[in-house]
1. Provide the gained length on full extension for the span residue A:41 to residue A:193, in nm with one decimal, where the gain is 0.36 nm per separating residue minus the Cα-Cα distance.
2. Give me the distance in nm between label points sitting 7 Å out from Cα along the Cα-to-Cβ direction at residue A:71 and residue B:99, one decimal.
3. How charged is the neighbourhood of residue B:204? Take every other residue with its Cβ under 14 Å from the Cβ of residue B:204, and add Lys/Arg as +1 and Asp/Glu as -1.
4. Using the Karplus curve 6.51 cos²θ - 1.76 cosθ + 1.60 with θ = phi - 60°, what ³J(HN,Hα) values do you get for each residue of segment A:102-119, in whole Hz, with x for Gly and Pro?
5. Any chance you could check the Cα centroid distance between segment B:100-133 and segment A:140-217 for me, in angstrom?
6. Please compute the modelled spin-label separation between residue A:96 and residue B:60, points set 7 Å along Cα→Cβ, answer in nm with one decimal.
7. Just flag the GluC sites (Glu not before Pro) in segment B:43-75 sitting in loop per DSSP whose Cβ has no more than 11 other Cβ atoms within 10 Å.
8. Just want to confirm a number: the relative contact order over segment B:169-251, from Cα pairs under 8 angstrom separated by 6+ residues, in percent.
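What follows is calculated from the coordinates using simple rules that are stated; it is not laboratory data. The structure displayed is predicted, hence computed values, not measured ones. Please note: Cβ atoms are built from the backbone with ideal geometry, for glycine as well, and neighbour counts cover all protein chains shown.
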Amino acid sequence: MNETFIAILIVTIYFSPVFYQLVIVIKESKKGNRIPLKKFFKVLKYSLFIIIPLIIGFAIISHTNYFNYEKPLTYDKYDRITFENFRGLEFFKKSLYGNEHFAYVVTTIESKIDENSVTVVSLFYPSRSYVYNTYTNSTELLNHEKYHIKITELYARKAKKRLSKLNHFSPEKIEGILKQIRQEERAFQKSYDYDTFHSYVLSEQKKYEREVDSLLNLLTEFKNPKITINDKN
Amino acid sequence: MTKIRIILLAVICLNLTNCTNEKHKFPIDKRYWDTQDYAEVVRELNYGYKSDEQLPTFDDPNTRIIVEKLTDPQNYAVVLDDKELGLKHRNEVAETFFLRWKDMQDIYQATDRKDKYLYDKEMLAVWQFGLGLQLKYFKLGNDNILESADDPNSARVKNQINSNVNTLIKNYVIYLDGINQESALSNKGKEKLSAGIDKYFTELVQSYPEANYSGLEKKIELMEKKTESDQIKNSLSKLKQLIESKKTPEQ
């Protein structure tokens, strides 16, 4: 049985009292009896009252696992990250190209614009990141996923480098640079997954690792999250 | 009674929504097929189709992608050529690919009442997939022997390696048996067969210029006489010249 079928079956069973009432309404309406219609709306109301919070709760847990929550980690915690930090839940995706042994990380570049400075950090979200088995010993898989975190940090540093070249403190320009960097980062993450085919092509994986490490080293001076922009005349 | 009818209707509706038009499933979105994918795809192609059902072909735009993926040498090359991977691992993967290829050979063998191949281009593509694979497989096997040998220059190791190369050449010679069946091939099939000789046999001779090709030469001689296709004749002739060019004066 496929998943769509199971979902339809569950919804049908759940709403069966509603369907039952609907049939009665149709039957009785021919006779001019309006009482079943009121009962129908009552059953529908209670059914929705129960299912809507359940759906919202399910969506929230699918997005971030608050049952096993760990706050987002900054890049300085990189070396401590293992699969035990991958706490997210995955209800829909059962495999990646037929491989059930898969994982993914969620990372973002966060920023805060102050008076004359900008704070840019790369964050790794443990409770949104998923691995098929937290206790897996697959170092290759972990390494591949951790390089996604490094790529995000790389683009956070690139953002700070570009911001450092601004002559004037302009929130619009800063937002523009950050938006551009986020797009570039997503594109790079996609190429990384495509070229390495999620680490299947080890030579490509190693090529990316060398490139990312070397670029990160080149941008060491932008390691600090905060960058001050002074007006230059 | 009405309730039963409603329940029955609901069950039928559910089953209908569960029906899909896709009869055969192939991982066509996957960039590279691994040995597990091959196991599943080859099983589907060998046993999942009815005898009168059309198999995926190069000519059918809807199924072309399947046969292209099936015979794409990148699927094995991406692992076997990856020097970051260990030799033993690559050798094991090559062996598994080789076993899968053996099963692949059964897929496109069907002939019609006039003894013509129904899928000659596809059958030859599968063959050529195997020729390319074997070049890498035997190379990895020999590299593995050399790596694990106490003395890679010993006579025993050399004999083992030569024996493997001879087996590889013998396997290649089987491809030329296709010329015996050339009447079962379409013109495009003959072109493909000929292109296979040009590409893969050239690679074989270039990879092992000092190997003993006497059996292959004998086969070329016989097939040159037998074939009625100028293109195949030309390919065989070029191959013969290439082998000659690699011979040292003593040979």
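1. 49.7 nm
2. 5.2
3. +4
4. Listing the rounded values in order: 10, 8, 8, 10, 10, 9, 9, 9, 9, 9, 9, 9, 9, 4, 9, 9, 10, 9 Hz.
5. Each part reduced to its Cα centre gives a spacing of 46 Å.
6. For residue B:60 paired with residue A:96, the spin-label model returns 3.3 nm.
7. B:53
8. Value for segment B:169-251: 42 percent.
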